[in-house]
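Written out below as structure tokens is the structure these notes cover.
Laboratory data are not the source of any read-out in this text; all were calculated from the coordinates shown. This structure is a prediction, so every number in the text was calculated from the model and none was measured. FYI the Cβ positions are ideal-geometry reconstructions off the backbone, even for glycines, and counts take in every protein chain you see.
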Amino acid sequence: MQVPANYNSNLAYDLSRFDVAEQEKQNAHRREKQEQAKQEIQMNSRSVSRSGSKLKIILAGSVVFAALCAVNIQLTAADDWARKVTEQQQALTAAQEEHSLLQSKLDSKVANTGYIEEYATAALGMAKVQNTQIQYLSVNTESLIEVNADGDGTIFDSISGWFGDMMEYIGL
């Protein structure tokens, strides 16, 4: 309890308040405590290393890594599809160019048939067939199948057949 300055009482004075040596000891003790406090590493009460949740850090890191991998896979797949679309567009363009080239060749061939008709009528004296000149024939024949009986013969039959073929080849 603190005594007011104008309080007149018969209480004894606290002489330790006026002792310089004692005050220096207390100040030195306070300074040592302050220096020790400065040297000590002060951790936040919510620090991860203080709370002991290293498992949470590993789990969070693995979740972030998995998310990055998923994004990378998705972007890689999108790039693959874009590349395939580009390749197909290039193939389509090449096919259209080839179609145009073949169409022009076909047109030039069709135009040349007129030249062939002119040459046939003028130089060779040919004439185009009229519809009255066309005659259709129908032939009634049976379908015939001939079977070769060479597989059933003996060795002598095959030798005689070979000899006959040779004579025919020579022309006798």
Only counting other Cβ atoms within 10 Å, I'd like Y136, Y169, Y119 sorted with the fewest neighbours first. Y136, Y169, Y119
How many nm separate the modelled label positions at Q23 and A122, each set 7 Å beyond the Cα in the direction of the Cβ? 13.8 nm
How large is ³J(HN,Hα) for each residue in the range 102-108, as worked out from phi by the Karplus curve 6.51 cos²θ - 1.76 cosθ + 1.60 (θ = phi - 60°), to whole Hz, x for Gly and Pro? 5, 5, 5, 5, 5, 4, 5
Kirkwood-based Rg over Rh for the range 53-130 (C-alpha set), two decimals? 1.73
Using the beta-carbon distance between E40 and V63 and R0 = 35 Å, what value does 1/(1 + (r/R0)^6) give for FRET efficiency, to the nearest 0.05? 0.50
Explain nothing, just compute: Karplus ³J(HN,Hα) = 6.51 cos²θ - 1.76 cosθ + 1.60, θ = phi - 60°, for every residue of the range 120-132 in order, whole Hz, x for Gly and Pro. 5, 7, 7, 7, 9, x, 8, 10, 6, 6, 8, 5, 6
